Structure formats: structure tokens, C-alpha cells
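The values are calculated or read from the model by the stated rules, or taken from the named source; none is laboratory data. As the structure is a prediction and not an experimental result, all values here were calculated from the model. Cβ placement follows ideal geometry from the backbone for every residue including glycine, while neighbour counts extend to all protein chains displayed.
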Amino acid sequence: MIVRVDTKKAVALETTVVAHGLPKPVGVETAVEMERIVKNAGAQPATIGILDGEIIVGMTEDELKRLVDEGSVKVGAREIPFVLAKKLNADTTVSATMRISKMVGIRVFVTGGIGGVHQGEYDVSQDLVELSRDRVIVVSAGAKSILDLKTTVEVLETLEVIVVGYRTDEFPAFYSSTSGIRLNMRVDSVEEIVQIYRWMEKTDFEGAMLVANPIPKESEVPYEEVQEWIDAAEMEASRRGITGKEVTPFLLSKIAEMSEGRTLKANIELLKNNAALGAKIAVALEENG
Ligand code: PSU
Ligand code: MN
């Protein structure tokens, strides 16, 4: 494993969004921009991925480009040992990035939206399981609206994942700031997040705190509009027989196409917004001991 950052004020960033979630060259551009935002806020970006079977914590822009150009396997936590043994290139999802963050002692991780329970046929992301296992603060714009959000929120409760709404009473729906699904834990400041984390440490809490950070209003695409595209994209996915790990990337790109880039723009904006909040949390965590 190559670790290029020390864990102080570190913010982990994932690479599935770079290699599979966003089109080329937007993925690498957005990753570089997120790193810049994290640095400007006084924190340390640590983009995590795997090249030739080696885990890299703190990938360079050239390494990110290699991942995209040479191709990479999308891995969840359970596939990490497999790709290491096979010496493959891999981009890490939320579950895999959290697992590696835990291994190196990084406490804050930023993504766009976590995976969850899909609509229709059984398909439940490893992200949910990993969230119940690692004491990491995960900043996310809720969960992707292509999911069954209501069930996803219920499973998060079952798995004892702390879900706090950042300046909201609702679980955000990725491209949209609201979903109509109520949350029972709200915070209005970074200090409150740090306080909760302190208590997680003191009470030996084993799971994650998911900080649900809504996309800024000016960048959102209303839920009803997105829903139409999702329905159409779901139909096409099932018609084409797309299953497993291909489902999420397929739906995201199809929806971006149908929305004429509006959802892609929203995805980039929510990622930047999450990077800014994650950096503030990492700095506050360090300053308070
Ligand atoms: N956030 C984004 N775009 C993405 C993802 C997150 O803005 O593509 C990725 C994350 O890596 C997440 C994965 O873990 O999508 C979920 O994939 P699946 O549904 O196959 O578990
Ligand atoms: Mn899946």
C-alpha cells in the first residue's frame, strides 16, 4: 500500500465516481477540483484507488488518468482482496473507500451519494453494510435518487447507521435537496457533527455517521422531473438486461443524457459541495483534539 498523506485533517475521496460515475474527462476534472476545494479549506485530500494491485491513498492526477485510460474494475469492500491478488486496476466505491480509510485511520470521507436499496429486483449495495462497520464520517448528498430511498433510509436505521441531516429535516435525494422522507436527527453546524463523533468514540460506536448534505437549491433538479427520467432509464436497463455493478453507472449516464446534461451538472455541484463540508469537518475534528 502506498500512503502519501498523513491522516491529520485528511479527507478520503473515492474513485468509482471518477472512473464509472462521471463521463470522461469530467471524472478526473471533478476529482482535481474536489482536491483543490479540500486543500483550500485547510484539509488534506486523499483520493483512494488501486493500480496494478496496489492500494494508493493520495492518488496523483496522472494516476487518476491511468485508472480511467487503462480501465478499472469497480470494487466494493468484498472485492478488494480479489483485485489485490490479481494485481488489477480498481476504482473504489463507498464501501471499499471506507474500508481503506479505516485501515489507514482516516476519519472523514466524501462521496456524491451512497449506494442503497435499488427499486425492483433484489439489489442492495455493500455500502450499507460497510456503513454499519466503520467509525467514519461520510458526507453524502443523501442517496442516489435511482434507489428506493424510503427502504434505504429504513435499512440504515436497522444497521444502526447514524444519519444526520445537515441543515435539513429531510433525507436529500442526490440531484434534489428534498425527498419528503423525514429524518429524526438534524444538525446545523460542523461543531455539532464533531460533538456527535466524540460521543461515538466514547461509547465505542462501531458504525458510521452519514452526514446527509443537500445539494444547494440553485443547482438542484426537482425530484418530479428526475423521476420521469429514472423510470425511463430503469425500463431501458431491464430491456437490455443490465444487472449488478453496471446498473448504477448505466442509470446515471442515461439520466444525464435524457436531462441534456442537467443531472450531470448537478452531480458535479453536489460533489463540490460535499468536499467543502467534509474539509470543514476534518479541520474541526483535528482542532478539537
Ligand atoms: N457518488 C456519485 N457517483 C457515483 C457514486 C457515488 O456521485 O457513481 C458511486 C459510489 O462509489 C457508490 C456506488 O458506492 O456509486 C454505488 O454503486 P452500487 O449501487 O453498484 O453499489
Ligand atoms: Mn448492486
By residue number, the members of segment 231-244 that are among the aliphatic types (A, V, I, L, M), part of a helix (DSSP H, G or I) and either within 16 Å of ligand 2 (Cβ to nearest atom) or under 18 Å from the mean Cα position of the chain (by Cα) (or both) are 233, 237
Which pairs turn up if I take residues in segment 125-136 that are over 13 Å from residue 97 (Cα atoms) and within 16 Å of ligand 2 (Cβ to nearest atom) and look for partners that are part of a loop (DSSP other than H, G, I, E, B) and hydroxyl-bearing (Ser, Thr, Tyr) with beta carbon separation below 8 Å, at least 6 apart in sequence or on another chain? 125/93
Could you list, in sequence order, all residues of segment 103-137 that are more than 7 Å from ligand 1 (Cβ to nearest atom) and hydroxyl-bearing (Ser, Thr, Tyr)? 122, 132
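Suppose the filter is within 11 Å of ligand 1 (Cβ to nearest atom), in contact (Cβ under 8 Å) with a residue 24 or more places away in the chain, small (Gly, Ala, Ser) and within 30 Å of residue 188 (Cα to Cα); does residue 275 pass it?
No, not satisfied.
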Return a yes/no flag: does segment 281-289 have any residue that is loosely packed, with under 14 Cβ neighbours inside 10 Å, within 16 Å of ligand 1 (Cβ to nearest atom) and at positive phi. no
Just to be sure I understand, how many residues within segment 228-237 are within 16 Å of ligand 1 (Cβ to nearest atom) and loosely packed, with under 13 Cβ neighbours inside 10 Å? 0
Looking at segment 186-209, can you tell me whether even one residue there is within 14 Å of ligand 1 (Cβ to nearest atom) and either modelled with pLDDT of 95 or more or not basic (Lys, Arg) (or both)? yes
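From the set of residues in segment 97-115 that are more than 14 Å from residue 212 (Cα to Cα) and in contact with a Ser or Thr (Cβ under 8 Å, 6 or more places away or on another chain), which is farthest from ligand 2 (Cβ to nearest atom)?
The first filter runs over segment 97-115 and keeps only residues more than 14 Å from residue 212 (Cα to Cα), leaving 97-107.
Imposing the further condition that a residue be in contact with a Ser or Thr (Cβ under 8 Å, 6 or more places away or on another chain) reduces the set to 97, 100, 104-107.
Numbers: 97: 16, 100: 20, 104: 26, 105: 28, 106: 25, 107: 26 Å.
The residue in question is 105.
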Top-ranked residue of segment 245-260 - restricted to ones that are free of Cβ contacts under 8 Å to residues at least 24 places away in the same chain and part of a helix (DSSP H, G or I), ranked as farthest from residue 224 (Cα to Cα): 246
Per the list (1) out of contact with any Leu (no Cβ under 7 Å at 6 or more places or on another chain); (2) of a type in the set (Val, Ile, Thr); (3) free of Cβ contacts under 8 Å to residues at least 40 places away in the same chain, residue check on residue 94 breaks on (3)
